[in-house]
Amino acid sequence: MKKQKLVIFTAIGLVALFIIVSILYKNYKTNELVSMSKNKTELFERPYSWSTGNRDAKVHIVEFFDPSCGTCAPFYSFVKEIMEENEGKIRLTLRYVPFHQSSNQVVKMLEAARKQGKFKETLEMTFATQQYWATHNPADMQLLWQFLPKLGIDIDMLIEDMKDPSIDKLIAQDLADAKVLGVTKTPSYFVNGKPLQEFGYEQLEELIYSAF
């Protein structure tokens, strides 16, 4: 009986120790990332990174996303709504982590559209029509093309700009930065350097408002 109790108490102690160590490790990683956001800012935002919102905003959200990611679409709308409710107080920077097959091509399309001053419109169109073109593996780029003329995009120029080798370097850099920051899934968020540890709408909203 005593041995049985000893085994039970030992097991409970090990579980408790594991929980404590996990919490301490998460806190350590969070503090490390916050420090990196101040001392190694380039890991969170490169000079080429697309950003929207007040550059002097107190709250800076950095999102690593994949345009083919089904979760990224609704979360983009969620963050956009929070930004509209807090106009001038939040800045959003987007980084690419094209984990899905064919996502590289979608990123190239976005960057080529950006050269025509149509990045945001193309991004939002891409998310709005995702249920049609992203259901295939690989993604149906031909179907995605059909939506572009409605945005006033020059398709011939877009196709040519997609060949720009600097876009490949941009993608490679974003993936490298994501690896250093421990990004393994999309979307992944950092608010003033602090990572979103528990994924969800409420958790993200709480993290954003805690930074004000």
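Values in this text are rule-based calculations from the coordinates and carry no lab data. Quick caveat, the model's predicted, so the values are computed rather than measured. So basically every Cβ, Gly included, is an ideal-geometry build from the backbone, and we count neighbours across all protein chains shown.
The Cβ shell under 13 Å around N86 holds other residues with a net charge of -1, Lys and Arg each +1, Asp and Glu each -1.
Between the C-alpha center of the stretch 41-120 and that of the stretch 131-180 there is a gap of 14 Å.
Summarising the label geometry, the points placed 7 Å from Cα in the beta-carbon direction at E85 and D56 lie 2.6 nm from one another.
On full extension, the segment bounded by D156 and A128 gains 7.8 nm, given 0.36 nm per residue less the C-alpha separation. Applying both filters, DSSP loop and at most 16 other Cβ atoms within 10 Å, to the chymotrypsin sites (Phe, Trp or Tyr not before Pro) of the stretch 128-202 gives F147, F199.
Restricting the stretch 156-201 to trypsin sites (Lys or Arg not before Pro) that sit in a DSSP loop and have at most 12 other Cβ atoms within 10 Å of their own Cβ leaves K163, K185. Annotation for Q197 and K40: the two label points, set 7 Å from Cα along the Cα-Cβ direction, are 2.0 nm apart.
Our coupling estimate for the stretch 90-104, obtained by passing each phi through the Karplus curve with A = 6.51, B = -1.76, C = 1.60 and θ = phi - 60°, is 10, 10, 10, 10, 9, 10, 9, 9, x, 6, 6, 4, 6, 4, 4 Hz, Gly and Pro reported as x.
Label sites at W145 and F212, each approximated as a point 7 angstrom past Cα along Cα to Cβ, lie 4.6 nm apart.
Bridging of K150 to aspartates and glutamates at a Cα separation below 13 Å is possible for E121, E124, once same-chain residues fewer than 8 apart are set aside. Highest mean packing first, where packing is the average number of other Cβ atoms within 10 Å per residue, the peptides 107-113, 47-53 line up as 107-113, 47-53.
In the stretch 42-209, one over the average inverse separation of all distinct C-alpha pairs is 16.3 Å, which is the Kirkwood hydrodynamic radius.
Checking the Cα-Cα distances for K118/K194; K80/K120; K89/K194; K115/K185; K80/K163 against a 19 Å cut-off, the pairs over it are K118/K194; K115/K185; K80/K163. Taking amide H atoms as placed 1.01 Å from N in the peptide plane, the amide H of V59 lies under 5 Å from those of R91, each 5 or more residues away in sequence or on another chain. Secondary structure note: in the stretch 42-209, about 60% of the DSSP beta bridges are antiparallel.
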